[in-house]
Each structure stands twice: as structure tokens, then as C-alpha cells.
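Worksheet: one structure, shown below.
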Amino acid sequence: MSQFTATPRNHRQHRRQSVVKAIFLLMTVLLIVPVLLILTFLIVKGAPVLSFEFLFAMPENGMTAGGILPALVGTVWLVTVALLASVPVGVAAAIYLSEYAPDNWLTRAINLAIINLAGVPSIVHALFGVGAFVLFFKFGTSILAASLTLAIMTLPVVIVSTLEALRSVPQAFREACWNMGATRWQTIRKVVLPNSVSGILTGVILEVSRTAGETAPIMFTGAAFFLPFLPQGVLDQTMALSLHLFVISTQVPGVPEGFPYGVALVLISLVLLMNAISIGFRTWLRGRKKW
Amino acid sequence: MAKDAPAIRTERLNLYYGEFQALFDVDLAVKPGIITALIGPSGCGKTTLLRCVNRINERLGYVRTTGRIEVMGEDIYAPGVELAQVRKHIGMVFQRPNPLPLPIRDNILFGHRIHREGPRVRRAEEDRIVESALREVLLWDTVKDRLDRKATSLSLEEQQKLCIARLLPLKPKVLLMDEPCSALDPKATQTVEEMLWELRGAYTILIVTHNMAQARRASDECVFMLMGKLIEHGPTDDMFVTPRDSRTADYIEGRYG
């Protein structure tokens, strides 16, 4: 027998190898099954009610007929204002933490606070929003109060994803700049940001999708059960897709069966569309940078 | 300043990383316009000493320095000294080439642009700066047709030359090099050494090397360090043929290191 032939021990190892691999594969499949089921279910049940009118008409007959335009427009308002508030603050904070902050107890405390903020349940954010924005700052229940609540809630994620993007820029680039006498800001502006912008944008766009689906934080701060008109400014209340889905599923009698599924499908499509754009954008930006 | 006044002079230079003392009373005078090699076993403080000369050590908060360092007759640790100016006039090259992820042309112009005062210079002037810097490091003929390519697409040897070239538009007085050839193969090392001889005269070059043969080939003077102390400093030929200190002799002959 050649010294290179398999021994019984080798055979046992090969069998164990196959079993382990099969288990991991099974777990991966289990992971995608629910996603596929949810999507199929939604499409089968929700697609029939989708129409131009469903998307672009006002609700009628106590939300049992007509469309979802105010909720769709409201979600776009909420997400846009929330982003305008959270992105500048979050990106600036991340730049400070990554590029300027010395490694001391204060920085570590801030980092810990950010991680903990990300773990706060959304209903707690909602109550904070009521106390801070609705009552204390007297914004009332409005898009502004709801969006700021969403912004506070999404800040940690914006900061963390921006930090990751900034830290993925090799330290050698910074060293190169500093050693030619560039200031921190020159280094950030000319080298660090251009090379991390794809990562930052990806984080931001993923954030959009999360914000769009949140219900609890906007329920008490600015989203309304039903409004017969579109919001005219940030101090108006608004309807929102997520809350509308909750309302017509549980609170209103006589809603056609397909309606909630239609709303859910629109919400999920919006989110998937955002994700697709973010992935496409990242791929495009990655293609342009090389090191 | 007298013509032969030292380009770099340290006086009783001590450096501590926290509790650990890395340099002990280093007195060094580096002559202008020549290549001086810093040699010694790992951990002897040669890189630390090099990094004092453009004050890059200070970025580590726990570093404490005492003593004096003069470059071209001026105390670079004096109050009122601007770090950006120190680093502009004292260029540094690292072990691993670190070109910026920009076109070759923009790499060369980077330092020039961040230090430019007044209006943006004309494109023709920028072209002249790029060509002259690349010619000085013997890279012009290789890359002149692809100045808009990413610098990171060059070979390691070309990248290292580019990293030296991008310092030159700032008209530095001193070039500090921390084992600039350790990432390169012997052939590339040879061409970089040839380039060093071209730069000699126009710039004062202080180079850290682990490679005895390189120190011997590519330097005018040698400084031998051991355990944070300066042991011997003299013309390279003398030091390699008749070292004055027995520890230098032991190191050069490979008895430790």
C-alpha cells in the first residue's frame, strides 16, 4: 500500500467534514427561508390591490377605500427631515471620534454611551421624544418632533457606520499627509473623506430604510391616525406608512383584506429600493477607488 | 551660519516612552549635504532618534523628550516653532512606501498644494514641478506617460521613489529615511541607492538601515548606536575598516545584531 493512500482515520475525517458542512449549509438556508416566505406572501396577497390609485389617491370611507398617498408622502417627509438632522451631527461626531479624539477615559465613555444609545428600545425613544420635543421645545405633535426623535434613535448607527468607514482608510495615508506638514483637517478633507465616502453613504442609506419602518417613535410625536390632507410643513402632523399599516390592520373595521398587505408591500419595496440603491452606489464608488 | 555647521545637531537628547528610556544623552552632529547612516541592532533607538528630528514621536502622548535638537542651526523644540513648517522642511520616508491613493501627478503636488500661499499656480508651473521632482529621483522617464494613473498601481520600488519625489517640491533641507529599502528586492534596492547618490549634495540625508552592506555602500558617515546610546560616529570607510570601539567591531562583524 502506498504511503499516500487514505487511512480509515482519513475516511472518518472526510465523513465528519461533510456532516459539519451540511449543518452550516442548513442553517444558512433556514436563514433565508423566512425572508423568501414573507416576500412571497406579501406579493401574493398585496400585489392585487396595488394600482396607480392605491399609491396616489387619498383614503376614503374611513380608510376602507381609496389610496395611501398621505401615508406615503408622510414617510418621505419623516425620513428626509430625520436624515437632515442626524447625518450632519452623526458624521461630524464620528470624524471627531476617529480623527481628533485622544484615547482617554472621556473618549471611551462617549463610545460606550453611543453603543448603549443604540440599545435603547424604540418605545423609550418615543417617550423621550414626547418629553423633549413635543412638550419641552413646544414643537407639538409634528413632523419636526417625530423626525428629531427618529434622528436621535438613528444617530448611534450613523456614527458607528461612519466610524467604520473612516477606520477602513489605511493609517499610512494619514501618516503620509502629516509627515508633509498637512493639518488634521487638510488630511481629512483631501484624503480620509474622499476614501471613505462610499462607506459613509452606504451607512446613511441603510439608515433610511430603518427609519422608514419605525412605528413606536413617531406614534406619540407626530404621526396621526388619519388626516384628510397632505402635510404642508414640518410643524404639521402627518400620516406614515408604518403607523397606517398598524391602524388598518387592527384599529379599523371593514378594511378590505388586501389593503394591509398592499401597504406592507409598498413599505418593504421602498426599503428594498433604498438598499438596492445603496449597494449599487457602493459598488460604483468602490470601482473608482483603488489601493 | 558657518558653511560647515552641522545640518542636524542634538545635545544631551534623552527620550522616554512612559517609564522606559529609549535614548540616553545622545550628542550627534550630522554634516550637511552628505548621507549619514544610522546603524545598530533592533531596539537600539535609531528609529526613535530619526523620528525625533521631525517631531513625529510626539504624536504618541506618552513620549517625553529632554535636551536639544537643532536643524540648520535652529532649535526645533523651541516655543513658537510650527510643526507644519518643521515637517515641510524635514521630509520623512518610511519602510513601506505610502503613496496616497491619487494620481501620480497629484501625489507629487500634494505637499506643494497644502503649503501653497496665495493663488493657485498655473498648470504649466505645476507640470514643471512634477517633472523636476520626478527627474531628481530618476523616475521621470518611467512614468512620464502615465502621470494620471493611480500611484498605488506602481511597483514598490517606483512607489518608494515617488514617496521621496513628493517631498522635493517643498524644498526640504533634510530627508529622513527609515529603512527605505527594507520592502524592496536587491535590484530595486540598488536603483534606490543610486538615486540617493544623485540626491546627495542637494539634501542632507539621514538614513536608518539594518543592512550593513547598504550602510557601507550608500553612506558617507556612519553612526553606530547601542541600547539607546551613541557609540561611534565617523566616516563610513574608517568605521568599517578600523572601528574605534570594540562593540562597533563586534556588531559590524556580525557577532550580535
Shape verdict for the stretch A:189-239, please, from the Cα gyration tensor: rounded (a/c under 1.5), prolate (a/b greater than b/c) or oblate.
prolate
Furthest towards positive pole of dipole, A:PHE281, A:LEU230, A:VAL271, structure part the stretch A:52-288, Cβ charges:
A:PHE281
Work the Kirkwood hydrodynamic radius out for the stretch A:8-49: mean of 1/r over every pair of different alpha-carbon atoms, inverted, in Å.
12.8 Å
Work out the FRET efficiency for A:ASN10 and B:ARG244 from their Cβ-Cβ distance, taking R0 = 45 Å, and round it to the nearest 0.05.
0.10
Let me know the Rg and Dmax you get for the stretch A:29-86 when you use only its Cα atoms, in Å.
15.7, 44
Taking chain A on its own, what percent of its Cα-Cα pair distances exceed 23 Å?
66 percent
The stretch A:180-218 versus the stretch B:213-250: alpha-carbon centroid distance in Å:
51 Å
Using a basic spin-label model with each label point 7 Å from the Cα along Cα→Cβ, how many nm lie between B:ASP185 and A:THR80?
5.9 nm
Over chain B, relative contact order from alpha-carbon pairs under 8 Å, at least 6 apart, %:
28 percent
Accessible area per residue of the stretch A:8-49 at 1.4 Å probe, in Å²?
89 Å²
Of B:104-112, A:147-155, B:22-30, ordering from highest average Cβ density within 10 Å down gives A:147-155, B:104-112, B:22-30
Would you kindly calculate the mean projected area, averaged across all directions, of the convex hull enclosing the Cα atoms of the stretch B:130-187, in square nanometres?
4.4 nm²
Accessible solvent surface per residue of the stretch B:1-125, calculated while the other protein chains remain in place, 1.4 angstrom probe, Å²:
47 Å²
The Cα extents of the stretch A:199-291 along the principal axes, largest first and rounded to whole Å, are 59, 33, 21
If you put +1 on each Lys and Arg Cβ and -1 on each Asp and Glu Cβ, how big is the dipole of the protein assembly as shown around its Cα centre, in Debye rounded to 20?
760 debye
Residue-averaged [θ]222 nm for chain A, counting only DSSP H segments that reach four residues, each worth -39500 (n - 2.57):
-22500 deg cm²/dmol
Just from its helices, what would the mean residue ellipticity at 222 nm be for chain B, if runs of 4 or more DSSP H residues each count -39500 (n - 2.57) and the sum is divided by every residue, rounded to the nearest 500 deg cm²/dmol?
-9500 deg cm²/dmol
When Rg is the radius of gyration of the Cα atoms in the stretch A:126-239 and Rh is its Kirkwood radius, what does Rg/Rh come to?
1.18
Show me A:18-31, B:123-136, B:218-231 ranked by packing, highest mean number of other Cβ atoms within 10 Å first.
B:218-231, B:123-136, A:18-31
Sticking with the crude label model, points 7 Å out along Cα→Cβ, report the distance from B:ARG12 to A:ARG286 in nm, one decimal please.
5.8 nm
Kirkwood Rh in Å, taken over the stretch B:175-257 so that all alpha-carbon pairs contribute
13.5 Å
Give me the mean projected area, in nm² to one decimal, of the convex hull enclosing the Cα positions of the protein assembly as shown.
39.6 nm²
Taking all protein chains as present, what is the carbon and sulfur share of the accessible area of the protein assembly as shown, in % to the nearest whole number, probe 1.4 Å?
62 percent
Among the DSSP H helices of chain A, those whose Cα atoms extend at least 27 Å along the helix axis and whose mean Kyte-Doolittle hydropathy is 0.0 or higher are A:8-46, A:69-95, A:143-167, A:193-213, A:258-288
Summing both sides, how much accessible area is buried between A and B? Use a 1.4 Å probe and give Å² to the nearest 100.
1700 Å²
So how tilted is helix B:123-136 from the main axis of chain B? Cα-based, degrees 0 to 90, rounded to 10.
40 degrees
Could you list the chymotrypsin sites (Phe, Trp or Tyr not before Pro) in the stretch A:122-165 that lie in coil according to DSSP, counting only those with at most 14 other Cβ atoms within 10 Å of their Cβ?
A:PHE137
If you take all C-alpha pairs in the stretch A:1-99, what percent of them are over 25 Å apart?
64 percent
Per the charge dipole of the stretch A:52-288 (beta-carbon charges, Lys/Arg positive, Asp/Glu negative, Cα centre), the residue among A:THR211, A:PRO256, A:PRO156 reaching farthest to the positive end is A:PRO156
Mean per-residue count of partner chain Cβ within 10 Å for A:183-192 equals 2
Given B:202-208, B:43-49, A:35-41, the highest-first ranking by average Cβ count within 10 Å works out to B:202-208, B:43-49, A:35-41
Scan around B:ILE34 for amide H atoms under 5 Å from its own, H built in the peptide plane at 1.01 Å from N, and keep only partners 5 or more places away or cross-chain.
B:GLY201, B:ILE205
Determine the alpha carbon to alpha carbon distance for each of A:LYS190/B:LYS161; A:LYS21/A:LYS45; A:LYS45/A:LYS138; B:LYS88/B:LYS229; A:LYS190/B:LYS187; A:LYS190/B:LYS31 and list only those over 32 Å.
A:LYS21/A:LYS45; A:LYS45/A:LYS138; A:LYS190/B:LYS187; A:LYS190/B:LYS31
Could you list, bin by bin from short to long, the percent of Cα-Cα pairs of chain B in 5 Å steps?
1, 6, 13, 17, 18, 16, 13, 9, 5, 2, 0, 0
Which of A:HIS11, A:HIS244, A:HIS125 moves most in a GNM of chain A, Cα contacts under 10 Å?
A:HIS11
Contact-by-burial set, the stretch B:131-156, min loss 30 Å², accessible area of protein heavy atoms with 1.4 Å probe, reference chain alone, gives B:LYS150, B:THR152
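The values are calculated or read from the model by the stated rules, or taken from the named source; none is laboratory data. This structure is a prediction, so every number in the text was calculated from the model and none was measured. Neighbour counts run over all protein chains shown; Cβ positions are idealised from the backbone, glycine included. Quick note on the areas: whole protein, heavy atoms, side chains included, nothing else; ligands and nucleic acids left out. Shrake-Rupley method; radii C 1.70, N 1.55, O 1.52, S 1.80 Å.
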